[in-house]
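Following: one structure in structure tokens, then a few remarks.
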């Protein structure tokens, strides 16, 4: 299954996921995205920067010191929930998602972890 | 056009479907011409060169874009990362020799390249593009001319959409791990974000308590709940020491993570988010909440957020 199809499967299974995007954090590029949200390249660029910021200091350093390297981040705001997952095998690979507040987060996080592992491993 | 079917009634290549969808989303013309080319500017378009530059601007992964004009001229540009890497072919266009001979397009080639693009994308010409794999020589090229530079020189706004105000200038607050204070400028927001209500405050202590037993230690620094803590004293002291040193940097990081500097926001950072430990950090007004979560707190966080905002 290709990247586009993999992301499409997530969006289909979770209609409250407005955008699911595959990014290369090392180059700050969104390489593919799916979702119903009306989103431009500028928005995708911004989403990628938010993902990078989520895995940055000082909170990153605090987490590493306390529990080890983090591979997941949630950002909850007025406008929705952003979920960022980094690949454990390829740390530059990440999924960046914009979801509605009502999404089933445990199920969603599990699903996108599987999806990211599939993309990075494929 | 029926989804998945070309204008001529032939099925589209499966790989072309997401491209057409992307173009539709961008409100750009998406017509399929015989031979697999895509019409990006019809003859009535006053400035086909705008469409040409937008094609380059939308190309992130390495591709060879072959542009053909209804005048009979054509050129092939190898592009990647919104840069024109190499000119590999020019037909019916004078003055292409230096660009064709260059291993990689550089600043010294920009004037000649612009003249070639202007000659190709002359007014009242239909313009088509065919996207091809990058040639082996192009894969080693990582410089090239940024399309934004070409657009600036031609006074073209790549982000302008008819009937819409231009987006805010793109800031460059690249996060630097452990960095001290990149200037934070609001990022562009999606349609849904623009519909969001004005930022409200959040009772951070209420948020922490609503998280339940999964939040094993926490404290609030600043704001109306300043000094409120719960959990083992040693853990709280560690969190307190961290905030005493890093509160400003945490605030800057939250600015970068959210869409609006100073906004009410909550973050969770962990190995997996659904097991093990995570760091909870939230901001409302002048207050910062910092805590340690044990186990899966993802759904509890959403419930607590909703409760604390009520």
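The values are calculated or read from the model by the stated rules, or taken from the named source; none is laboratory data. In this text, all values refer to a predicted model and were calculated from it rather than measured experimentally. Neighbour counts are summed over all protein chains in view; Cβ atoms, including those assigned to glycine, are modelled from backbone coordinates with ideal geometry.
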*State all residues of region B:217-243 that are surrounded by 19 or more Cβ atoms within 10 Å (Cβ to Cβ) and assigned to a loop (DSSP other than H, G, I, E, B); if no residue qualifies, say none.*
B:223, B:225
*Are any residues in region B:257-285 out of contact with any strand residue (DSSP E or B) (no Cβ under 9 Å at 6 or more places or on another chain) and either within 16 Å of residue B:202 (Cβ to Cβ) or surrounded by 22 or more Cβ atoms within 10 Å (Cβ to Cβ) (or both), and if so, which ones?*
B:285
*Restricting attention to region A:104-121, report how many residues are within 8 Å of chain B (Cβ to nearest Cβ) and touching a strand residue (DSSP E or B) at 6+ places or on another chain (Cβ under 7 Å).*
2
*Which of the residues spanning region B:256-287 are more than 7 Å from chain A (Cβ to nearest Cβ), in contact with a helix residue (DSSP H, G or I) (Cβ under 6 Å, 6 or more places away or on another chain) and farther than 17 Å from residue A:79 by Cβ?*
B:287
_For region B:276-295, give me the residue count where each residue is more than 30 Å from the chain's Cα centre (by Cα) and in a loop (DSSP other than H, G, I, E, B)._
2
*asked:* Testing residue A:36 on (1) more than 9 Å from chain B (Cβ to nearest Cβ); (2) modelled with pLDDT of 90 or more; (3) in contact with a helix residue (DSSP H, G or I) (Cβ under 8 Å, 6 or more places away or on another chain), one condition comes back false. Which one is that?
replied: (2)
*Of (1) at pLDDT below 90; (2) surrounded by fewer than 19 Cβ atoms within 10 Å (Cβ to Cβ), residue B:100 satisfies all except one. Which?*
(1)
*Lone qualifier among B:105, B:75 - being in a loop (DSSP other than H, G, I, E, B) and in contact with a strand residue (DSSP E or B) (Cβ under 6 Å, 6 or more places away or on another chain)*: B:105
*Filter result (surrounded by fewer than 22 Cβ atoms within 10 Å (Cβ to Cβ) and either without any contact (Cβ under 8 Å) to a residue 12 or more places away in the chain or facing chain A (nearest Cβ under 9 Å) (or both)) within region B:288-304*: B:296, B:299, B:302
_On the basis of being in contact with a helix residue (DSSP H, G or I) (Cβ under 9 Å, 6 or more places away or on another chain) and either away from chain A (no Cβ under 11 Å) or at pLDDT below 90 (or both), does residue B:214 make the cut?_
yes
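Name the residue, out of A:53, A:36, A:73, that is crowded, with 21+ Cβ neighbours inside 10 Å and not in a helix (DSSP H, G or I). I'd like the intermediate steps shown before the answer.
Numbers: A:53 fails: not in a helix (DSSP H, G or I); A:36 fails: crowded, with 21+ Cβ neighbours inside 10 Å.
Exactly one of A:53, A:36, A:73 is crowded, with 21+ Cβ neighbours inside 10 Å and not in a helix (DSSP H, G or I), namely A:73.
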